[in-house]
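Here the structure is laid out as structure tokens; the discussion comes afterwards.
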Amino acid sequence: MREPSEGAAHCRLEHADQLLRYPFGFPGSPCPHQRIRGYVMEEWGEDHDDGTVARVAAIDIAKASGMVCLRVPHDTIEGRRVQKVWTVASTTNTILELGDRLVCQGVERVVMEATGSYWRPFFYLLEARGLDCWLVNARDVKNVPGCPKTDKLDAVWLAKLAERGMVRASFVPPKPVRQLRDFTRTRTVFVQERTRHKHRVDKALQDAQIKLSGVVSDLFGVSGRAMLDAMVAGERNPRTLADLAKGNLVKKKPALIEALTGQFEDHHARLLLSTIDHLTAQIDELDRLIARTLEEITTPPGSTGTGGEAAAVSARTLAEKLDAGPGIWPATAQIILAEIGADMSRFPTPEHLVSWAKLCPRTVQSGAKNTSGPAGQGKPLAQGRSR
């Protein structure tokens, strides 16, 4: 059996054009790149900025509590770590006490993972306490398959990943942008709810043998809304209702009289407009709050990408610029700013933003074969769709 020669690498590589990467180089290597039996060996320099954190805390968050794991260096023994694990309730006072304890321990970073929105109290309160909080994706911190699954083990595993710099923070916008996001998302829900109730109005009219939707294109246009208000007020004469037509509907008075002849009763009137008017008032109030919040949000100086020291720009100005683009309405521009914020330094390149919004397919590479995977669920509002 032939003995391997000194300084040579003997291993099996999966593909013919695969690069053999060895971070510290092989003994006797004369240069950082060598070709061994048809393979290219590339030497990688050691990355000194490895992102490790000496004093770290991790929280695995549930609905009513959170499992905390604290890992800090030993006071006297160099190279040894001290680990403490305990449970805290998801109440304000308990989380504030946790923040004081972590500050006293000199924690440099708090990493948390949760299902749904249960992370918000921990993140917001600990961030207000001055701690560096990271929210991580549960998909990126899965434990080793086959190991027991408990909250304690998950918290310990998350802490170990965090102290070695093996996690990445999810995008959590600053407080003003979070408030704007709450306003725009609530407005979207109210608009959808109002649309649903408008459809119910047509069903109520059909139940009363009122075929108005077959003549007018919009039941809640100027003419349609005037007729609905009159019916709710007690008017039942089809000719009187048809006289409320405006614009091109004046030419359709005979068809309107026929469509407005039915059995509309008082209980139908109670089903029509009260809920829609209430939702419309709520939407108008949210529009006012969104406009005021846009004035309060500004871009950091020099972050507009124009080079030099650019002055801060309000989010309202950015919304107007987005509105000038084709296919973007004012409400859409406000939603975009609420989802991605006004500080584009969060995304190094436009490609990063597109990838974060899940608008491009995922790259899957194996050897010489490059394929594309699914784009993922993404953020519906950031993608311009409500659901």
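The values are calculated or read from the model by the stated rules, or taken from the named source; none is laboratory data. Everything numeric in this text was worked out from a predicted model, so none of it was measured. Every residue, glycine as well, gets a Cβ built from its backbone with ideal geometry; the counts of neighbours run over all protein chains shown. For the accessible areas, the whole protein counts, side chains as well, though only heavy atoms, and no ligand, DNA or RNA atoms are used. Shrake-Rupley method; radii C 1.70, N 1.55, O 1.52, S 1.80 Å.
Ordering 250-257, 336-343, 313-320 by mean Cβ neighbour count within 10 Å, with the highest value first, yields 336-343, 313-320, 250-257.
Quote to one decimal, in nm, the extra length available between Arg120 and Phe171 on full extension: 0.36 nm per residue of separation minus the C-alpha distance between them. All intermediate terms of the calculation are to be shown ahead of the outcome.
Working: separation 51, 0.36 × 51 = 18.36 nm, distance 1.31 nm.
Contour length minus the Cα-Cα distance gives 17.0 nm.
Normalised by the number of residues in the stretch 129-182, the mean separation of alpha-carbon contacts (under 8 Å, six or more apart) gives a relative contact order of 51 percent. If R0 equals 35 Å, the separation of the Cβ atoms of Leu353 and Thr91 corresponds to a calculated FRET efficiency of about 0.45.
Give me the percent of accessible area attributable to carbon and sulfur for the stretch 242-346, probe 1.4 angstrom. Each step should come with its number before you reach the end.
Details: 3380 of 6170 Å².
Using a 1.4 Å probe with all protein chains present, the stretch 242-346 comes out at 55 percent carbon and sulfur.
Using the Stokes-Einstein relation with a Kirkwood hydrodynamic radius computed over Cα pairs, the translational diffusion coefficient of the stretch 94-200 at 4 °C and a viscosity of 1.567 mPa s comes to 80 µm²/s.
Looking at the stretch 55-136 alone, DSSP beta bridges between its own residues are antiparallel in about 60 percent of cases. Site pair Ser217 and Asp287 shows an inter-label distance of 2.1 nm when each label is modelled 7 Å from Cα along Cα→Cβ. Accessible surface for the stretch 43-172, divided over its residues, is 57 Å² per residue with a 1.4 Å probe. As a fraction of the 1.4 Å probe accessible area of the stretch 112-233, surface on carbon and sulfur atoms comes out at 53 percent. A straight line joining the Cα centroids of the stretch 165-194 and the stretch 208-244 runs 40 Å.
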